[in-house]
Amino acid sequence: MQERLLAALASQRSAVDYLEIRLEQSEATAVAFRGRRLEAIDRSFDLAGGIRACHRGGWSFVTFNNLDELQSRVAEAVSQAKLVGDESTELAAVEPVTATVRVALGRDPRGVSLAHKRELLEHYNRLLLEADPRIQTTATSLSDRLRTVWFVNSTGTILEQERLDVTGRFGVIARDGSTIRQGFESVHSRTDFDALVGIEERVLGAAGRALRQLEAKPIPAGTYQVVLDPYLAGVFIHEAFGHLSEADFIYENPRMQQLLERGRPIAISALNVVDDGTVTGQPGTIAYDDEGVPTRRKYLIKDGVLTERLHNRETAGKLGEAPTGNARALGGTYPPLVRMTNTGILAGDTSFEQMIADIDEGVYAVRMLGGQTNGEMFTFAAAEGFMIRNGKIAEPVSDITLTGNVFQTLTDIEAIGSDQVWLSGGCGKGGQSPLPVAVGGPHLRLRNVVIGGR
């Protein structure tokens, strides 16, 4: 396969400043239930790819799904780049590499029948529906996708990378009178279908969260000391700060260049935030990004100081910084964008018991139900919450909406937990969603958090 791509590349490589071909072959299955109804059961096989060309700063992107048309599609990409380019091409230099990356398979999902996958999901779906009479409906799914990506470019990189994603998603809606609540749980593996077997307790966690919130009273609006659980701490740093660190957002935004100037103290000195594409087994882990750049650990914040940004080769070249391996595409027919991998807060030295011990009245916020960011401003709705009273977790509360400015919040951190974990997730940007990522964090204690209540 690589020889065919290299032959198509060779015919046009000198006609533009930069040229690449990415071809993806994928095999996938998916089963989904909504309530008691089987909503979907699919198996797919795909072979498709994309060609990017850059000339005088102008980019083109052309897709293909027929290898017999590859030569003409490459010529088309070259001609389009020449039409739009009128400046200069600035790409950070990267050493060319030739490599093959294989999946270390446990139980291969391709050896599990669709019938068995349906039976397994039906079992979990029934558990949720029968967990409590107040459960109104469910939305559950199991999916697996094994893909092989071949990549060649005009600077000499030749790659073949395999990737497996096995995912279970379990959602419920519970109702008591006019009160409606949601609960959600997900399970992910990069190597083994058996990660989805024997997970009844985790699946039922989705129902438990929804049912507890039915019984919770709305929290009064106000300003509180708040403890975020590791999941919500990870989502906060991903959404409110990680996206600000993506350099395609920065390099054409003078205000953000000023706010996010490297070397600027931006948080308490104990805070360390990383984006790390090398963490073993996580959804965002990749050996090479979709421009053929090796991934690595980047300290976005180190000891409270803004240290690095996330780049593709163009943003790194324009800002005069090192490439970071953060050009990622959802699939072969999507162009790579600057995206996070596994983004999280590193552990501190405070236990959860120590973190809440001296709080007279505060809030423990758990997971995220939804939210949005607008520049440095954020609003997040916690999926579940509890009051903290006299140093102890107390009654459940609902309608916890946290609002603030990310830069102020980073200086309002009072304690960083010693219990950092990675949790699977999906990220959306530029019409490409959900891209597999992980969010990470320990428990995090904040002061002066505005909570909207109901």
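The values are calculated or read from the model by the stated rules, or taken from the named source; none is laboratory data. Values in this document were obtained by computation on a predicted structure and should not be read as measured data. Backbone-built Cβ (ideal geometry, glycine too); neighbour counts: all protein chains shown. We work out accessible area using only protein heavy atoms, side chains counted, and drop any ligands, DNA or RNA first. Shrake-Rupley method; radii C 1.70, N 1.55, O 1.52, S 1.80 Å.
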Just the accessible area per residue of the range 259-322, please: how many Å² with a 1.4 Å probe? 35
From phi via Karplus (6.51, -1.76, 1.60), per-residue ³J(HN,Hα) for the range 162-174 in Hz, x at Gly/Pro: 9, 8, 10, 10, 10, 9, x, 10, 9, x, 9, 10, 10
First measure r as the distance between the Cβ atoms of GLU90 and ASN374, then evaluate 1/(1 + (r/R0)^6) with R0 = 45 Å and state the FRET efficiency to the nearest 0.05. 0.95
Under a 1.4 Å probe, what is the accessible area of the range 329-396 per residue, stated in Å²? 42
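Using a Förster distance of 25 Å, how high is the FRET efficiency between ALA270 and THR223, based on the Cβ-Cβ distance and rounded to 0.05?
With a Förster radius of 25 Å, E is 0.65.
Over the range 1-146, average the accessible area per residue using a 1.4 Å probe and give it in Å², no decimals.
Result: 51 Å² of accessible area for each residue.
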Rounded, prolate or oblate: which one fits the chain, using the alpha carbon gyration tensor with axes a ≥ b ≥ c (rounded when a/c is under 1.5, else prolate when a/b beats b/c, else oblate)? oblate
Contact order relative to length of the chain, as percent, for alpha carbon pairs under 8 angstrom and 6 or more apart: 15
Sequence gap of 8 or more, or different chains, plus Cα separation below 28 Å: how many lysine pairs satisfy both in the chain? 8
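Roll a 1.4 angstrom probe over the protein heavy atoms and tell me the percent of accessible area of the range 115-269 that is carbon or sulfur.
47
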Theoretical gain in end-to-end length, ILE173 to ASP303 [0.36 nm per residue, Cα-Cα removed]: 42.6 nm
